[in-house]
Amino acid sequence: MLLLDRLCAGYEGSPVLHDVTLAVPPGSVVALLGANGAGKTTLLRVASGLLRPTSGRVLLDGADLTGATPNALVKRGLCHVPEGRGVFPNLTVRENLALQAFAGSETAAIERANQAFPRLGQRLSQVAGTMSGGEQQMLALARAYVQSPRFVLLDEVSMGLAPKIVDDIFEFLGLLARDGASLLLVEQYISRALDLADYVYVLNRGEVVFAGEPSELQDADIFETYLGTA
Ligand code: ATP
């Protein structure tokens, strides 16, 4: 279980998150929704060790990992796929995957990436920065996948992509979840995220204003009030 316990965090004296508690139980998909600037990215950055909270705790399977480095969290099975494609643009697809292969062989990593996105397997020698935006996002997801993560934080991974690619990415997220990973999903395609999610949190100005099952969210006034959509 990933538990964010009463987190407060922000930047240079400007507070963003206020007393946020959020749980990602094993084997679950949790959607994190909220308007622009609500603090979703900030929350993911705290959870993956990129930003230290001013108070509160990050607990992974009961261990207090507040302030641990991103690497330490990766070693415990937590991966963060950041907004804007986490790939090395000057390296080839093969090299990008090989860098993640510390848990196993490069061949196994490539096989696993190919299983997730066969398109990547055909482009192993291509320099990542020359691929389309969708292909780069697939590579970013594959880099997480080859580590067999237990928890994956996903920040708007479908942003700006063509509908067919968004379909492929959501299919992959379903595969990842069926594989046993727990997902914390920040997503602009709200209905797609809710289709996949077991649980949903809505953030507004750094506070949790709704926590419940997707079906409960449909009944609440949350859409109109906080998500700007009916
Ligand atoms: P979006 O959907 O637009 O990505 P978000 O919910 O992910 O929004 P955050 O990116 O977490 O929101 O931003 C929350 C607040 O923190 C915003 O007011 C933003 O301007 C501020 N902020 C984010 N990153 C920084 C930073 N590096 N330095 C200073 N302020 C920041």
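The values are calculated or read from the model by the stated rules, or taken from the named source; none is laboratory data. No experiment lies behind these values; they were computed from the predicted model shown. Here the Cβ positions follow ideal geometry from the backbone for every residue, glycine too, while neighbour counts run over all protein chains shown. Ligands, DNA and RNA are excluded from the accessible area calculation, which covers all protein heavy atoms including side chains. Shrake-Rupley method; radii C 1.70, N 1.55, O 1.52, S 1.80 Å.
Taking the stretch 46-65, which residues are farther than 12 Å from Tyr11 by Cα and in a helix (DSSP H, G or I)?
Scanning the stretch 46-65 gives a single hit, Ala47.
Determine which single condition Ala68 fails, assuming it passes every other condition in (1) assigned to a loop (DSSP other than H, G, I, E, B); (2) loosely packed, with under 14 Cβ neighbours inside 10 Å; (3) of a type outside the set (Lys, Arg).
Failing condition for Ala68: (2).
Limited to the stretch 52-64, what total is found for residues that are surrounded by fewer than 20 Cβ atoms within 10 Å (Cβ to Cβ) and either away from the ligand (no atom under 16 Å from the Cβ) or under 17 Å from the mean Cα position of the chain (by Cα) (or both)? Quick ask: steps written out before the conclusion?
Going through the stretch 52-64, the residues surrounded by fewer than 20 Cβ atoms within 10 Å (Cβ to Cβ) turn out to be 52, 54-57, 59, 61-64.
Narrowing the set further to residues that are either away from the ligand (no atom under 16 Å from the Cβ) or under 17 Å from the mean Cα position of the chain (by Cα) (or both) leaves 55, 57, 59, 61-64.
Residues meeting the conditions: 7.
Pull up the stretch 115-149, narrow it to residues that are in contact (Cβ under 8 Å) with a residue 40 or more places away in the chain, touching a strand residue (DSSP E or B) at 6+ places or on another chain (Cβ under 9 Å) and not in a loop (DSSP other than H, G, I, E, B), then point me to the one that is surrounded by the fewest Cβ atoms within 10 Å (Cβ to Cβ).
Here the residue is Ala140.
The rows are residues; the columns are (1) in a strand (DSSP E or B); (2) within 23 Å of Leu2 (Cα to Cα).
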residue	(1), (2)
Gln188	no, yes
Ala193	no, yes
Val200	yes, yes
Leu203	yes, yes
Val208	yes, yes
Ala211	yes, yes
Gln218	no, no
Phe223	no, no
Tyr226	no, no
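Here are some conditions: (1) farther than 25 Å from Ala35 by Cβ; (2) modelled with pLDDT under 95; (3) open to solvent by less than 60 Å² (accessible area, probe 1.4 Å). Phe102 meets all but one. Which one does it not meet?
(3)
Those residues that are surrounded by fewer than 16 Cβ atoms within 10 Å (Cβ to Cβ), within 16 Å of the ligand (Cβ to nearest atom) and within 22 Å of Leu22 (Cα to Cα), I need them from the stretch 150-188; list them, please.
Gln188
Exactly one of these conditions fails for Thr229: (1) modelled with pLDDT under 90; (2) more than 16 Å from the ligand (Cβ to nearest atom); (3) open to solvent by 20 Å² or more (accessible area, probe 1.4 Å); (4) not small (Gly, Ala, Ser). Give me its number.
Condition (2) is where Thr229 drops out.
Could you check how many residues of the stretch 37-51 are over 14 Å from the mean Cα position of the chain (by Cα) and open to solvent by 20 Å² or more (accessible area, probe 1.4 Å)?
Summing the residues that are over 14 Å from the mean Cα position of the chain (by Cα) and open to solvent by 20 Å² or more (accessible area, probe 1.4 Å) in the stretch 37-51 gives 2.
Take Val200 and decide whether it is more than 13 Å from the ligand (Cβ to nearest atom), farther than 21 Å from Leu139 by Cα, surrounded by 19 or more Cβ atoms within 10 Å (Cβ to Cβ) and within 15 Å of the chain's Cα centre (by Cα). Explain how you work it out, then say what you get.
Working: more than 13 Å from the ligand (Cβ to nearest atom): yes; farther than 21 Å from Leu139 by Cα: yes; surrounded by 19 or more Cβ atoms within 10 Å (Cβ to Cβ): yes; within 15 Å of the chain's Cα centre (by Cα): yes.
Taking the combined requirement at face value, the residue satisfies it.
In this structure, does Leu32 turn out to be within 13 Å of the ligand (Cβ to nearest atom), under 30 Å from Leu120 (Cβ atoms) and either of a type in the set (D, E, K, R) or buried (at least 16 other Cβ atoms within 10 Å of the Cβ) (or both)? Don't jump to the end; show me each part of the working.
Numbers: within 13 Å of the ligand (Cβ to nearest atom): yes; under 30 Å from Leu120 (Cβ atoms): yes; either of a type in the set (D, E, K, R) or buried (at least 16 other Cβ atoms within 10 Å of the Cβ) (or both): yes.
Criteria met by Leu32.
Within the stretch 14-29, track down each residue that is more than 15 Å from Glu207 (Cα to Cα) and either open to solvent by less than 30 Å² (accessible area, probe 1.4 Å) or near the ligand (Cβ under 10 Å from one of its atoms) (or both).
Hits for the stretch 14-29 are Val24, Ser28, Val29.
Report the residue count in the stretch 145-161 for those that are among the aliphatic types (A, V, I, L, M), at pLDDT below 95 and within 22 Å of Leu33 (Cα to Cα).
Of the residues in that region, 3 qualify.
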